[in-house]
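Enquirer: Structure incoming, see below.
What follows draws every value from the coordinates through simple rules; no lab data is involved. If you're wondering where the values come from, they're calculated on a predicted model, not measured in any experiment. Cβ: placed from backbone, ideal geometry, glycine included. Neighbour counts: every protein chain shown.
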Amino acid sequence: MNSPELKIVFTGPMGAGKTTAINQISDEPCVSTEVANNDLQQCQKDTTTTGLDYGYVNLPDGNGVRLYGTPGQERFRFMWPIIATNAAGIVLLLNGDHPELEDHLALYLDAFTTNPPLPLVIGVGRLPDNDFHVIDALHQQLANRNQPLPVIPIDVRNRDDVLLLIDTLLGQIEASNLEFAHG
Ligand SMILES: Nc1nc2c(ncn2[C@@H]2O[C@H](COP(=O)(O)OP(=O)(O)OP(=O)(O)O)[C@@H](O)[C@H]2O)c(=O)[nH]1
Ligand SMILES: [Mg+2]
């Protein structure tokens, strides 16, 4: 019998690359709700997501994963819990060069941490050259929150990087299922 399809949600601030990441790995044409970006102060790019992103990827093991992306603009925050309903795990994408990186991490972890916690991996893009400082600082912030989650430097424009995030998250999902089954 085939395993049920998993739902994975990509979230994170504007311009972190949720739409790009889903488009990189989806095997089907993505559902897109892009409009012209009028908030160039937040992020210099042409379009922004106003509803959600949707894509679908077939994994080598034969399982399929439904990929959802949240809108990044804070005014669409009401969409986050709607999109996250029944998710098996979360990919949190962050902009490594953003001055409010720490606030972004706290904001999204506060919003997406459930009890029991959902598997969650963090992908950090746009890293400056001394990226290890940025990653170290995030690890420290996570340790202070008692949430030792995986933090992976990535470029969302690179399909293999996005697949690495998915693989890492699937490993976490599997581990948490085993823990649930065996206590
Ligand atoms: N120059 C550069 N561009 C990047 C890098 N990583 C991502 N991008 C670009 O950043 C943009 C990300 O845009 P989106 O994928 O629309 O981001 P999003 O998270 O969906 O944004 P919202 O829907 O507005 O919340 C794309 O144009 C990417 O090509 C990077 O490391 N360097
Ligand atoms: Mg988007």
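Enquirer: State yes or no: is LEU67 in contact with a Lys or Arg (Cβ under 7 Å, 6 or more places away or on another chain) and touching a residue at least 24 places away in the same chain (Cβ under 8 Å)?
Expert: It is false that LEU67 is in contact with a Lys or Arg (Cβ under 7 Å, 6 or more places away or on another chain) and touching a residue at least 24 places away in the same chain (Cβ under 8 Å).
Enquirer: Considering VAL35, VAL91, which residue is closer than 17 Å to ASP161 by Cα and either of a type in the set (Val, Ile, Thr) or touching a strand residue (DSSP E or B) at 6+ places or on another chain (Cβ under 6 Å) (or both)?
Expert: Of the residues listed, the single one that is closer than 17 Å to ASP161 by Cα and either of a type in the set (Val, Ile, Thr) or touching a strand residue (DSSP E or B) at 6+ places or on another chain (Cβ under 6 Å) (or both) is VAL91.
Enquirer: When the residues of segment 14-68 are filtered to those that are part of a strand (DSSP E or B) and within 10 Å of ligand 2 (Cβ to nearest atom), which remaining residue is surrounded by the most Cβ atoms within 10 Å (Cβ to Cβ)?
Expert: The residue in question is ASP53.
Enquirer: Right, another one. Across segment 44-69, what is the total count of residues that are under 14 Å from THR20 (Cβ atoms) and among the polar types (S, T, N, Q)?
Expert: Total meeting the criteria: 3.
Enquirer: So in segment 107-146, with the set limited to residues that are in contact with a Ser or Thr (Cβ under 7 Å, 6 or more places away or on another chain) and free of Cβ contacts under 8 Å to residues at least 60 places away in the same chain, which one is surrounded by the fewest Cβ atoms within 10 Å (Cβ to Cβ)?
Expert: Per the stated criteria, the residue is PRO119.
For every residue, the table says whether it meets (1) of a type in the set (Ser, Thr, Tyr); (2) touching a residue at least 24 places away in the same chain (Cβ under 8 Å); (3) more than 8 Å from ligand 1 (Cβ to nearest atom).
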| position | (1), (2), (3) |
| --- | --- |
| ILE8 | no, yes, yes |
| SER26 | yes, yes, yes |
| CYS30 | no, yes, yes |
| GLU74 | no, no, yes |
| ILE82 | no, no, yes |
| ALA87 | no, yes, yes |
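Enquirer: Specify which of the listed residues (GLY89, GLY55) is touching a Cys at 6+ places or on another chain (Cβ under 7 Å), small (Gly, Ala, Ser) and farther than 19 Å from ALA137 by Cβ.
Expert: Within the list GLY89, GLY55, the selection yields GLY55.
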